[in-house]
Amino acid sequence: EPYRRQRQMCIRDSQKGDLVFFDRGVVHAAVALEHSSGIPYSKTLGQNRHYFETIFLAPPWSENFSQDKDRRHGFSAAIDEFSRLERAFCDLGYDIVSLPKVSPSARANFVLNTLKGQ
């Protein structure tokens, strides 16, 4: 399984009962697998919710985007990937909150304040 390690980490961390933040996880991997192979993410993920019901997505921002040896795809590919992820998270029943275009510390405060209100 291409996402076995992420799934194991998710299961282990979910047993702690604390908040855990992931930059990428099993949904990202399943969406990428669908894009490259055609295997539906719903088949890969099954019916279980893998995360808290609220997820935070940062849209691609051209100001923060740079293409280098580690990021081989262009900005338009990043926009396409974001659209696939947004659709998948919505289809899977997650509440999507878009991260504001502010400093990293302000984004962190936004996330924590949003979660406190739930």
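Computed from the coordinates by the stated procedures, all read-outs in this text should not be read as laboratory data. Just so it is clear, the model here is predicted, and its values are computed rather than measured. Cβ sites come from the backbone with ideal geometry, for glycine too, and all protein chains shown count toward neighbours.
Extension gain, Trp61 to Glu81: 0.36 nm times the residue separation minus the Cα-Cα distance gives 5.9 nm. Close lysine pairs were tallied over the chain: pairs 8 or more places apart or on different chains with Cα atoms under 29 Å apart number 4.
About the centre of its Cα atoms, the chain shows a dipole size close to 280 debye [charges on the beta carbon of Lys, Arg (+1) and Asp, Glu (-1) only; nearest 20 debye].
Once the Cα-Cα distance is subtracted from the 0.36 nm per residue extended length, the Arg4 to Thr114 segment shows a gain of 36.6 nm. Measuring how big the chain is from its alpha-carbon positions, Rg and Dmax come out at 15.0, 40 Å.
Compare the peptides 4-11, 21-28 by average per-residue count of other Cβ atoms within 10 angstrom and give them in order, highest first.
The most tightly packed comes first, giving 21-28, 4-11.
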